[in-house]
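Okay, structure first, notes after.
The values are calculated or read from the model by the stated rules, or taken from the named source; none is laboratory data. It should be emphasised that the depicted structure is a prediction, and the values quoted were computed from it without experimental measurement. Ideal geometry is used to build each Cβ from the backbone, glycine not excepted, and the neighbour counts take in all protein chains shown. Ligands, DNA and RNA are excluded from the accessible area calculation, which covers all protein heavy atoms including side chains. Shrake-Rupley method; radii C 1.70, N 1.55, O 1.52, S 1.80 Å.
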Amino acid sequence: MNLKEMLHFADKIVFEKTGQHLDDLQEAVLRGTLQRETYKHIAKDFDCSESSVRQVGSQLWQILSEELGEDVSKSNLRAAMERLQISIFSQNFAPQQDCVQISCVNYCGETLHPPNIPNSHPPNQETSNTKKPESPNHDLSEMPMLGDFLDRALSLETLKTWILQENSHLVTIAGMSGIGKTTLATQLVQQIKNEFDYVIWRNLETPPTLPQLQTDLITFFSQQNSIDFSPHNNQQSQLIKHLQKHHCFIILDNIHSLFSRGKLAGQYEPTYEDYRTFFKQIKDLSHQSCLLLIGWELPREVAQVPHPNTPLHNLSLQGFDTQAAIAFLRSQGLDIEDDSDTLINLINPTKRDHRVNPFWLKSIATLITELGVSLTDLLQNDTLLLPEDVKDILRQQYDRVSDTEKQILSILHRQDACTTLHRQDACTTLHRQDACTTKENQPVKLATLREQQPNLNLELVNVLQSLQRRFFVEKNDQGFWLSPLIKQYLASLK
C-alpha cells in the first residue's frame, strides 16, 4: 500500500471502532508517522502542542493494535501495515472478490491480484503463527531499534530481579557513552513489557520541564478519560495516584541532559531543579510502578549506595573484558586469531581487569573492514587508536566536566609517564615525560593528589567522587587511575 492507501485503510479501522472518521490531527499524526517524522515535527507543522500529538498517537496505536492483532506503535506502524497487506493476500484472497474482512473492518475496492505466495489459506482459517495481540498500553515510539546484540545476560537477569521480583520503585543504568546502556534497556523492555499495565519510553535528550513531562505521562495513563489540568489540581499528585493504581513502567533515557555543564556530576540545571523532588517521591512513596533512569551520570539523590530493602537499585554498566572483546570482534565477522595478544596487551596493559567500550570495538571493526587491514596493523606502537566517532562521544562527555575535574584528570594523565608520583627524582618535573623510565600506569593515592592540588583541600574528595560517577576515573585500594581509553583521549587533546 502507498501512503494514501494506508491512510484510507486506517480511516476505515478507526471508523469501525469509534463511528467517526479520522479528524485532521489524527490524519496528520498518521501521515507524519508514516513519513518518519518526530512528534515534535508533527506538532510544529500542525501548530499544536507536542503532548496533544502524543495523546492522539497513543489512542491511534491502541485502536490499531486491537484491530491488527499486534502491538502497534510509532516505530513499527509502516511495518505493521505492510504485514497486514501480505495477510490480506495470503489469507483472504478469493478470485473476483471485491471485499476482504480483517477483524470487524471491511476493506473494499478493486479486485486484488495476489503475489506468488505459497501455502495460502482459505478465508478465516487461523494459522499456527498468528500473533496474539499484546497490551495496547505501550508507548515505545521513542525507544530506539534494538542495535547490535551485546551479551549482557547477567545484567538483564539482575534488572529483571530488581524490577519484577523486588518491585523496585527506581532503577538506574549508568555508564560511559557507547557502553551499551540503551541497548540493554531496550532488550529489557522487550522482555518484560507485558508484565505491566502501561509502558512508556521517553528520550530526554531535549528535556521537557517537569510539568510538561507530568502532563505527557498523565495523558498517556488516562487514555481517553477526562483529565483535569486546572491550576489548582496538583499534577504530581495525579501522577502518583496513577502509579499507585496501575502497574506502570516508565523509562527516561539520557537523564544527564537535566544536569549542568561545567559543574560536578548530578547538579541540576535551574530549569529542571524540580525533578529532584519528583525522583525522591518516586523512590520513597508507596506505589506499584517502576521508573528506569538511563544516562552518563545520575541525580545525586539516586547515585547513593542503596541500603538493603530499599526500593532503589543502581547498575553501573562496565565494558567487555578481553575475552568478551575478542568474542565481540568475531561476532562482527573478523578473524583476529593472530591479533588477540595485541588486543589484550593494549586494552589491559597493567592486568587490572580493564574493560573495553563496545562502541570502540565496533568502530575498530569498521575500520578493519573498510581499510582491509589486520588489527595488529591498525594498532601500531602500542597506541590505542581513537576513531573519530569515538572521539566525538568522549568529547560530549568531557565538555560537561568542571575545571577542577580537568585539573585532576591532567595529574592522573601525567602519571602515565612516571613509575610513581612519589618518586619524583625519576623526573625533573611532572611535565617532562622524557625523563621517566616506564610508562606503566600506577594508581595515585589521595594524599599525593592533595599534595599536587593543595588549593582543593577537602573539595578534592568531591571532585574524585564526581569523576568516578562520570566513569572517567577508576580506583582500587592503591589509589586512582585512568582507563586506557580515557588516557588516549586526553593525549589527543594536546
(message) Would you confirm, using the coordinates I've provided, whether VAL373 is more than 17 Å from GLN488 (Cβ to Cβ) and either in contact with a Phe, Trp or Tyr (Cβ under 6 Å, 6 or more places away or on another chain) or modelled with pLDDT under 85 (or both)?
(response) yes
(request) Filter region 367-408 for residues that are basic (Lys, Arg), out of contact with any His (no Cβ under 9 Å at 6 or more places or on another chain) and part of a loop (DSSP other than H, G, I, E, B) and give the result. (result) none
(message) Only one of ASP353, ASP341 is more than 25 Å from the chain's Cα centre (by Cα), at pLDDT 65 or above and open to solvent by 20 Å² or more (accessible area, probe 1.4 Å). Can you tell me which?
(response) ASP341
(request) Taking SER51 as the residue in question, decide whether it is of a type in the set (Gly, Ala, Ser), touching a helix residue (DSSP H, G or I) at 6+ places or on another chain (Cβ under 6 Å), assigned to a helix (DSSP H, G or I) and more than 14 Å from LEU77 (Cα to Cα). (result) yes
(request) Give region 146-157 a look and list any residue that's modelled with pLDDT of 80 or more, touching a helix residue (DSSP H, G or I) at 6+ places or on another chain (Cβ under 8 Å) and open to solvent by 60 Å² or more (accessible area, probe 1.4 Å), or say none. (result) none
(message) Among the listed residues ILE200, ILE240, identify the single one that is crowded, with 16+ Cβ neighbours inside 10 Å, in contact with a Cys (Cβ under 8 Å, 6 or more places away or on another chain) and either modelled with pLDDT of 95 or more or not in a loop (DSSP other than H, G, I, E, B) (or both).
(response) ILE200
(request) Might you check whether a residue that is outside any strand (DSSP E or B), hydrophobic (A, V, I, L, M, F, W, C) and under 22 Å from GLN235 (Cβ atoms) occurs anywhere in region 296-311? (result) yes
(request) Sort out which residues of region 1-28 are part of a loop (DSSP other than H, G, I, E, B) and either surrounded by 13 or more Cβ atoms within 10 Å (Cβ to Cβ) or on the phi > 0 side of the Ramachandran plot (or both), and write them in order of number. (result) MET1, GLY19, LEU22
(request) Could you pull out the residue among SER58, SER65, SER73 that is touching a residue at least 60 places away in the same chain (Cβ under 8 Å), open to solvent by less than 40 Å² (accessible area, probe 1.4 Å) and out of contact with any strand residue (DSSP E or B) (no Cβ under 8 Å at 6 or more places or on another chain)? (result) SER65
(request) Exactly one condition in (1) more than 18 Å from LYS263 (Cβ to Cβ); (2) at pLDDT 90 or above; (3) not in a helix (DSSP H, G or I) is not met by LYS439; state its number. (result) (2)
(request) Tell me which residues, restricted to region 472-481, are more than 25 Å from the chain's Cα centre (by Cα) and in contact (Cβ under 8 Å) with a residue 40 or more places away in the chain. (result) ASN476, PHE480, TRP481
(message) Being at pLDDT 85 or above and surrounded by fewer than 20 Cβ atoms within 10 Å (Cβ to Cβ) narrows it down to one residue among ARG78, ARG83, ARG36, ARG31; which is it?
(response) ARG31
(request) Restricting attention to region 459-479, report how many residues are at negative phi and either at pLDDT 90 or above or open to solvent by less than 10 Å² (accessible area, probe 1.4 Å) (or both). (result) 13
